[in-house]
Amino acid sequence: MQLLSRLSGPHPQRTLTQPLRLSGAAAAVPTSGILCTAGGVTVEVVQALVRSGPPQFRKLADPQVGFFELATGHWPMLSSPDELAEVLLRAAAGEGRRLAVPEGEPPFLRPFLTEVPERPRVRNGRVDVHLPKPEEPRGPWPAVLFVHGGPLPPDLIPAPRDSPLYVGYARYAASMGAVGAVAEHRLHGITDYARSADDVTEAIELLRADPRVDPERVALWFFSGAGLLAADWIAAPPGWLRCLTLTYPVLAPLPGWGAVAPRFRPTSALRASGRTLPPLLLTRAGLETAHIAATVEEFVTAAEETKAPIEIIDVPHGVHGFEIHDPTDESRKAVARAMRTVLAHLRS
């Protein structure tokens, strides 16, 4: 920091007072991204975001955008000045790794990986309820609340509760005689976890208050970045929680996620709980990105050390979001096994 202070100059004052007028000409200028990997962001991570489909990331796969990696931290001009200068020269020469964009429609718009019958859907605040067939044994039915991943942009179309992936999971549960519900929560950035946790709690309260639902037989199913929200339910599991399911979850804040409050650390919650936990069901993607896989491995180790009741389903050839990226027999079997396991816990 002393070197930074000694070499720094005052910020140009007119950047705060002179308006910037956009003409659109910058769109034709090649763009380079220099990723400092000590912060956890690598080309692999960015490629995974592009592959996952949200439109703001797919723009990074433009042929005019090239990426470089530097094995250093946030201030490469201080820690790796020679390497940074070399990368800047290569960027000016048009070099850099280009990202691949998936062919066809964005993955999050693809149909659910297995065919499930359409079921009546009822929207109530932050929860969409998909109901079993009327000829199923009369309710109240057990319920599964699916909590979508993130962070996701607030203007994503379709919204997660309307996406084929989560609608498919909810209908799948309904086809097996349980209420399948999808929570709508506002995880738009890494500073939103507390707000998202409140949204999920509100959705659970609405679901359990539904007269068609047995309030004492509910399972929670978290995906991807919503995995951090599971910490609250591990720390203080209520009696009605019959199963807690995690699918390709993020189970600790990733590098660069320092703004996430300490409350949202499922592994720490698991080690400190000291309570009787509901069954835990974890689905792992064998080709998971390295940083996410490390959080999962740490959680599994903690579960083994604390003798937590955990069952693991492995998808050896699956990537993050395997249901939409790899709709293979391996993926279908993993989803079917997970659904059967959750329903068995709800009925026991």
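The values are calculated or read from the model by the stated rules, or taken from the named source; none is laboratory data. Quick caveat, the model's predicted, so the values are computed rather than measured. Neighbour counts are summed over all protein chains in view; Cβ atoms, including those assigned to glycine, are modelled from backbone coordinates with ideal geometry.
The figures follow:
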| item | result |
| --- | --- |
| Number of the exception - W221 against (1) buried (at least 16 other Cβ atoms within 10 Å of the Cβ); (2) assigned to a loop (DSSP other than H, G, I, E, B) | (2) |
| Which numbered condition G125 misses (of (1) over 21 Å from P151 (Cα atoms); (2) modelled with pLDDT of 90 or more; (3) surrounded by fewer than 16 Cβ atoms within 10 Å (Cβ to Cβ)) | (1) |
| Whichever residue in region 128-169 is over 21 Å from F108 (Cβ atoms) and charged (D, E, K, R) and, among such residues, is modelled with the highest pLDDT | K133 |
| Residue in region 5-21 that is surrounded by 10 or more Cβ atoms within 10 Å (Cβ to Cβ) and either outside the structural domain of Y248 (by TED's automatic domain parsing) or farther than 30 Å from G149 by Cα (or both) present | no |
| Odd one out for G168 among (1) of a type outside the set (K, R); (2) within 19 Å of P249 (Cβ to Cβ); (3) part of a loop (DSSP other than H, G, I, E, B) | (3) |
| Exclusive hit being under 19 Å from A209 (Cα atoms) and in contact (Cβ under 8 Å) with a residue 24 or more places away in the chain, set G150, G125 | G125 |
| Any hit, region 80-96, residues being without any contact (Cβ under 8 Å) to a residue 60 or more places away in the chain, in contact with a helix residue (DSSP H, G or I) (Cβ under 8 Å, 6 or more places away or on another chain) and either closer than 24 Å to G150 by Cβ or not basic (K, R) (or both) | yes |
| Within region 154-165, tally of residues that are in a loop (DSSP other than H, G, I, E, B) and within 16 Å of the chain's Cα centre (by Cα) | 4 |
| Every residue from region 69-119 that is polar (S, T, N, Q), more than 30 Å from M339 (Cβ to Cβ) and assigned to a loop (DSSP other than H, G, I, E, B) | T72, S80 |
| Test set (1) outside any strand (DSSP E or B); (2) closer than 22 Å to W240 by Cβ - V122 fails condition number | (1) |
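Let's see how each residue does on (1) surrounded by 14 or more Cβ atoms within 10 Å (Cβ to Cβ); (2) assigned to a helix (DSSP H, G or I):
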position: R242; (1), (2): yes, no
position: P255; (1), (2): yes, no
position: E311; (1), (2): yes, no
position: H317; (1), (2): no, no
position: I324; (1), (2): yes, yes
position: R340; (1), (2): no, yes
position: L343; (1), (2): yes, yes
